[in-house]
Amino acid sequence: MIKVILHGCNGYMGQVLTGLVEEDPEVEVAAGIDIADQGKNAYPVFTDIRACDVQADAIIDFSTAKAVDALLDYSAERKIPVVVCTTGLTEEQLGKLSETSKKTAVLKSANMSLGINTLLKLVKDAARVLAGAGFDMEIVERHHKRKLDAPSGTAMALADSLNEAMDGQYHYVYDRSQRRQQRDGKEIGISAVRGGNIVGEHEVIFAGPDEVIEFKHTAHSRAVFGKGALEAAKFLAGKPAGLYDMADVIGN
């Protein structure tokens, strides 16, 4: 049985994780951490992370960027592996995350979905064959109208996987509206769609002269990120200090 601390337990994803753990016989919530405790959880909740003195095998973080510094300090001091799912970290925080990984196991990924991380591996393998044969590569991502950043971090991770397969020879194009020229064979086009309540869709297109191959991932709910985070916590428990990502979880 793996015992986890849920950092940001009373947020939306924290409550999703609470429900997922209840259905998973391999995991137990040892405690939660949140700035407010409404007393609705079956486990103890600490409003100050420094007061959390429970024993745990891993921490799963779905909080806010401003709470991550204290989390990393706590994780390093207690030597508890941590799965950092919070996005929007500054360069300084990413540096601190790297420093923390020298003291305990840290896992950070652009997207916690097991499906997306499998897709990252698949499109890299496909690019080696198809782009090398002259296929053009395009990425289309779709998200809800409230999402502020474009393109998404996952779309950029997909583009990086394609480019890595081609030894970094390609450049990215985000907007063709001001261009009046034929497509460059060494570009990866990235298009962003925002509308409605789309949780997240990512499509990678390989377009050749006589055939088109498409890889697509659709998230129907944000629970997919929670499931991936749980698998990451299981993987990270007992691991030596170091920096890991979801590619390690799926065995890339």
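The values are calculated or read from the model by the stated rules, or taken from the named source; none is laboratory data. The shown structure was predicted, so the numbers you read here are calculated from the model rather than taken from an experiment. Glycine also receives a Cβ, built like all others from the backbone with ideal geometry; neighbour counts cover every protein chain displayed. Heavy atoms of the whole protein, side chains included, go into the accessibility calculation; ligands, DNA and RNA do not. Shrake-Rupley method; radii C 1.70, N 1.55, O 1.52, S 1.80 Å.
Quick rundown of the values:
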| quantity | calculated |
| --- | --- |
| Tally, over segment 102-142, of residues that are open to solvent by 10 Å² or more (accessible area, probe 1.4 Å), polar (S, T, N, Q) and within 15 Å of Val83 (Cα to Cα) | 2 |
| Contacts under 9 angstrom Cβ, first residue in segment 121-147 being charged (D, E, K, R), partner surrounded by fewer than 19 Cβ atoms within 10 Å (Cβ to Cβ) and assigned to a helix (DSSP H, G or I), 6 or more apart | Lys121/Ala247; Lys124/Glu164 |
| Top-ranked residue of segment 215-250 - restricted to ones that are of a type in the set (A, V, I, L, M) and farther than 30 Å from Val193 by Cα, ranked as most open to solvent (accessible area, probe 1.4 Å) | Leu243 |
| Test result for Lys96, at pLDDT 95 or above and basic (Lys, Arg) | yes |
| Residue satisfying all of: in segment 172-187; within 18 Å of Phe135 (Cβ to Cβ) and either assigned to a loop (DSSP other than H, G, I, E, B) or small (Gly, Ala, Ser) (or both); modelled with the highest pLDDT among these | Lys186 |
| For Ile190: the one exception among (1) closer than 14 Å to Lys124 by Cβ; (2) not in a loop (DSSP other than H, G, I, E, B) | (1) |
| Segment 193-214 - residue that is part of a strand (DSSP E or B) and of a type in the set (Gly, Ala, Ser) and, of those, surrounded by the fewest Cβ atoms within 10 Å (Cβ to Cβ) | Ala207 |
| Unique match (being open to solvent by 30 Å² or more (accessible area, probe 1.4 Å), at negative phi, in contact with a Ser or Thr (Cβ under 9 Å, 6 or more places away or on another chain) and of a type in the set (Gly, Ala, Ser)) among Ala70, Ala42, Ala51 | Ala42 |
| Complete set of residues in segment 76-93 that are out of contact with any helix residue (DSSP H, G or I) (no Cβ under 6 Å at 6 or more places or on another chain) and in a helix (DSSP H, G or I) | Glu77, Arg78, Glu91, Glu92 |
| Pairs where the first residue, in segment 173-186, is within 17 Å of Ala207 (Cα to Cα) and the second is among the acidic types (Asp, Glu) and part of a strand (DSSP E or B), C-beta under 9 Å, 6+ apart | Val173/Glu187; Arg183/Asp136; Gly185/Asp136 |
| Any hit, segment 80-96, residues being under 28 Å from Glu201 (Cα atoms), among the acidic types (Asp, Glu) and open to solvent by 10 Å² or more (accessible area, probe 1.4 Å) | yes |
| Inter-residue pairs, beta-carbon under 6 Å, first aromatic (Phe, Trp, Tyr) and in segment 217-240, second assigned to a helix (DSSP H, G or I) and buried (at least 19 other Cβ atoms within 10 Å of the Cβ), 6+ apart | Phe235/Val249 |
| Filtered residue count, segment 136-171, keeping only those that are over 22 Å from Met112 (Cβ atoms), not charged (D, E, K, R) and not in a helix (DSSP H, G or I) | 6 |
| Residues that are part of a helix (DSSP H, G or I), within 15 Å of Lys108 (Cβ to Cβ) and either hydrophobic (A, V, I, L, M, F, W, C) or touching a Gly at 6+ places or on another chain (Cβ under 7 Å) (or both), drawn from segment 225-252 | Phe225, Ala229, Ala232, Ala233, Phe235, Leu236, Met246, Ala247, Val249 |
